[in-house]
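Here's the structure we're looking at; comments come further down.
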Amino acid sequence: MSATDTIPFAGLAPERILDAIESVGYRCDGALMALNSYENRVWQVGIEGDRPLIAKFYRPGRWSDGQIEEEHAFCAAMLADELPVVAPLAIGGKTLFSHGGFHFSVFPKQGGRAPEFAEPAILEWMGRLMARIHQVGVREDFALREMLDLHSFGTDSLDWLLANQALPPDLESVWQGVAEQALEGVAQCYARAGKVKLLRLHGDCHAGNVLWTPDGPHFVDFDDARMGPAIQDLWMLLSGDAEEMGRQFGNVLAGYETFREFDDRELHLIEALRTLRLMHHSAWLARRWNDPAFPAAFPWFATNRYWEERILELREQIAIMQEPPLAPR
């Protein structure tokens, strides 16, 4: 059995995983543990006489070789600046390998726990490191990877969901009307922000992609790295009501501006980017629904209640996007 569009990881059996790791020079001890990942497949692999490694098998057809290699080059540049990122290991001058029809990379194992983003000192620490990551990100642009903008996350998601009849028929027109109104709100937020600087980003900097150790945070999973505004890597550090998020962002900004100036106009984009993420997430689930892992992990997706909640969510975002932007405290 081999990978197909409907079963992308068919054939990625344990023996094939072990063979892939041994094909790049390691000797496996047979221990395998699946780690939490849906877009790709990630395994902890035991190595004879050494620490385990992490093997990441990329979803076929998602990124081109060149796009993956751009991500890896970004990680290598951050490592060269002594940033705590978990980057793919270079073996024989390469970081991307192929075996049995699958592309994969090998990473060092990094321990740690999820950070407590509500703590002021942790938010300042995160701000300092995100500024340093952005200092690397701004040095050059991605040439091949996608951009985060209204089209790629918004209109493309809307069009795909409608074209593929992914919504319950009785809710489709309601959702479409609300989604179109939400995208108008996003466009207005971008207009208020004006032309802001785009740079290479982590792209998905939430607590699940940060491992905290006594030495501080370590950033993992740059799979969603793309061009976009700096605020994309900062707003997901925030939670709570507007007052609480304002306080938290004040802490982030205190750390961030130690190394890099923040453009206050980007505050207009926080709720716009949140709206785009919500729409993109629904489209992502729908696009991946033929992968057997998705119905098992997200059984509530194929229900009317899911879409009713998304309609309510987008209506709330429409209202929030009309309010003044977040005020750091």
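The values are calculated or read from the model by the stated rules, or taken from the named source; none is laboratory data. It should be emphasised that the depicted structure is a prediction, and the values quoted were computed from it without experimental measurement. Because the Cβ atoms are built from the backbone with ideal geometry, glycine has one as well, and the counts that use them run over all protein chains shown.
Glu140 versus (1) part of a helix (DSSP H, G or I); (2) acidic (Asp, Glu); (3) in contact (Cβ under 8 Å) with a residue 60 or more places away in the chain: which is the lone unmet condition?
With (1) part of a helix (DSSP H, G or I); (2) acidic (Asp, Glu); (3) in contact (Cβ under 8 Å) with a residue 60 or more places away in the chain applied to Glu140, the lone miss is (1).
Considering only the stretch 22-63, how many residues are basic (Lys, Arg) and more than 21 Å from Ala10 (Cβ to Cβ)? Spell out how you get there, then give the answer.
Start the filter on the stretch 22-63 by keeping residues that are basic (Lys, Arg), which leaves 27, 41, 51, 56, 59, 62.
Next cut, more than 21 Å from Ala10 (Cβ to Cβ) only: 27, 51.
Adding up the residues that qualify gives 2.
Just give me the residues in the stretch 246-271 being surrounded by fewer than 23 Cβ atoms within 10 Å (Cβ to Cβ) and in contact with a His (Cβ under 9 Å, 6 or more places away or on another chain), in sequence order.
Those that are surrounded by fewer than 23 Cβ atoms within 10 Å (Cβ to Cβ) and in contact with a His (Cβ under 9 Å, 6 or more places away or on another chain): Phe259, Arg260.
Taking the stretch 176-209 only, how many residues are of a type outside the set (A, V, I, L, M), in contact (Cβ under 8 Å) with a residue 40 or more places away in the chain and not in a loop (DSSP other than H, G, I, E, B)? Outline the logic, then answer.
First, pick out the residues of the stretch 176-209 that are of a type outside the set (A, V, I, L, M): 176-177, 180-181, 184-185, 188-190, 192, 194-195, 197, 200, 202-206, 208-209.
Still in the running and in contact (Cβ under 8 Å) with a residue 40 or more places away in the chain: 181, 185, 188-190, 192, 194, 197, 200, 202-203, 205, 208.
From the residues that got through so far, the ones that are not in a loop (DSSP other than H, G, I, E, B) too are 181, 185, 188-190, 192, 200, 208.
The total comes to 8.
Can you name the number of the only condition in (1) at pLDDT below 95; (2) farther than 30 Å from Ala76 by Cβ that Gln188 fails?
(1)
Any residue in the stretch 63-82 that is part of a strand (DSSP E or B) and over 17 Å from the mean Cα position of the chain (by Cα)? Can you show your working first?
Of all residues in the stretch 63-82, those part of a strand (DSSP E or B) come to none.
Checked the stretch 63-82: no residue is part of a strand (DSSP E or B) and over 17 Å from the mean Cα position of the chain (by Cα).
Could you grab me the full set of residues in the stretch 265-322 that are aromatic (Phe, Trp, Tyr) and either within 17 Å of the chain's Cα centre (by Cα) or in a helix (DSSP H, G or I) (or both)? Show your work before the answer.
Step one: filter the stretch 265-322 for residues aromatic (Phe, Trp, Tyr), giving 284, 289, 294, 298, 300-301, 306-307.
Listed by number, the residues that qualify are Trp284, Phe294, Trp300, Phe301, Tyr306, Trp307.
Report, by residue number, each residue of the stretch 30-56 that is modelled with pLDDT of 95 or more, touching a strand residue (DSSP E or B) at 6+ places or on another chain (Cβ under 8 Å) and more than 20 Å from Asp223 (Cβ to Cβ).
Matches in the stretch 30-56: Ala31, Leu32, Gly46, Ile47, Glu48, Arg51, Pro52.
Give the stretch 143-168 a look and list any residue that's under 23 Å from Glu70 (Cα atoms), hydrophobic (A, V, I, L, M, F, W, C) and assigned to a helix (DSSP H, G or I), or say none.
Answer for the stretch 143-168, where residues must be under 23 Å from Glu70 (Cα atoms), hydrophobic (A, V, I, L, M, F, W, C) and assigned to a helix (DSSP H, G or I): Leu150, Phe153.
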